[in-house]
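Readers should treat all values here as calculations from the given coordinates under stated rules, not as data from a laboratory. Because the structure is predicted, anything quoted here is derived from the model rather than measured. With ideal geometry, Cβ positions are generated from the backbone for all residues, glycine too; neighbour counts draw on all protein chains shown.
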Amino acid sequence: MPAGRHTMLPAAGFAGIDLACRRGERLVFAGLSFSLAAGGALVLTGPNGSGKSSLLRLMAGLGRPEAGVLSWDGAPVGEDPPAHRARLHFIGHQEAVKPLLSVAENLAFWAGMRGGGDVGQALARFRLAAFAGSPCRLLSAGQRRRLALARLLASPAPLWLLDEPATGLDSDALDDLQAAIAAQREAGGFVVLSTHTELPMAGAATLCLSDFAARPA
């Protein structure tokens with residue numbers, strides 16, 4: 001749908017209409033649509049290279065779609081990019097952890113940037129309280145991943161965009177992640193994630209990116 005035709009956008013929730021994505025010279029996907037209501041979850045699946053990370057980056061406002069429009073409560077997100085960035089968390093493959101700061105200092109930094117949150121709760125949820133004073137340069141890969149995810153709770157946002165959030169997590173940490181996602185949804189938040197790991201979420205919709213692979217002309 002052309003970006004100028006806004007009347008067909010859903011009046012509430014987070015949605016994408018007829019999205020297409022180009023990466024370099026390659027059209028990765030086209031004709032992709034989704035609609036997510038408050039409390040909803042969307043799981044992105046598909047093989048490597050199918051566009052899962054690219055779609056999440058578009059949703060986060062880190063790129064512009066080749067075609068189509070993303071909307072929030074009926075308004076195209078491109079009309080007010082700062083407002084859209086303020087309403088979301090994007091957790092990608094890079095944890096964005098400052099190695100010289102402690103675990104608690106990293107979370108306090110993010111909480112301060114986003115208007116505050118409960119750092120203690122975030123530490124407890126992801127089993128990091130014992131490492132609160134430790135420099136992040138001493139953390140294992142799994143602990144760094146848990147710290148990145150703890151940011152979701154230390155600085156709340158209605159929309160979570162998570163790229164392979166289960167990578168590097170053990171079974172206990174996976175349980176913590178699922179509990180955090182469930183709480184986010186129960187509070188009316190939105191969750192979109194890509195995963196190659198079994199991550200059950202009641203009532204979640206699934207979008208297979210392979211179904212929207214661009215066909216050669």
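Among the residues here, A179 does not qualify as surrounded by fewer than 19 Cβ atoms within 10 Å (Cβ to Cβ), in a loop (DSSP other than H, G, I, E, B) and at negative phi. Under the condition of being surrounded by fewer than 20 Cβ atoms within 10 Å (Cβ to Cβ) and either within 20 Å of E79 (Cα to Cα) or of a type in the set (K, R) (or both), the residues counted in segment 50-59 number 1.
Surrounded by fewer than 19 Cβ atoms within 10 Å (Cβ to Cβ) and under 30 Å from R146 (Cα atoms), is that true of R85? Yes; evaluated as a whole, the condition is true for this residue.
Close Cβ contacts (under 9 Å, 6 or more residues apart or on different chains) running from residues in segment 145-172 that are more than 15 Å from Q94 (Cα to Cα) to residues that are among the β-branched types (V, I, T) comprise L153/V119; A154/V119; L159/V191; L159/V192; W160/I91; W160/I181; W160/V191; W160/V192. Given the structure, is A166 outside any helix (DSSP H, G or I) and more than 15 Å from the chain's Cα centre (by Cα)? Criteria not met by A166. When each of S102, S171 is tested for being over 22 Å from A38 (Cβ atoms) and either touching a Phe, Trp or Tyr at 6+ places or on another chain (Cβ under 9 Å) or buried (at least 20 other Cβ atoms within 10 Å of the Cβ) (or both), the lone residue that passes is S102.
When segment 43-98 is filtered for residues that are of a type in the set (D, E) and within 13 Å of D163 (Cβ to Cβ), only E95 remains. Within segment 173-217, the set of residues being of a type in the set (S, T, N, Q) and touching a residue at least 40 places away in the same chain (Cβ under 8 Å) comprises S194, T195, T206, S210.
Starting from segment 92-106, take each residue that is more than 19 Å from M59 (Cβ to Cβ) and list its partners that are acidic (D, E), counting only C-beta distances under 9 angstrom and pairs at least six apart or across chains. Sorted first by the residue in segment 92-106, then by its partner, the pairs are K98/E105. Does R144 satisfy being over 30 Å from A11 (Cβ atoms), surrounded by 13 or more Cβ atoms within 10 Å (Cβ to Cβ) and in contact with a Cys (Cβ under 8 Å, 6 or more places away or on another chain)? Yes; evaluated as a whole, the condition is true for this residue.
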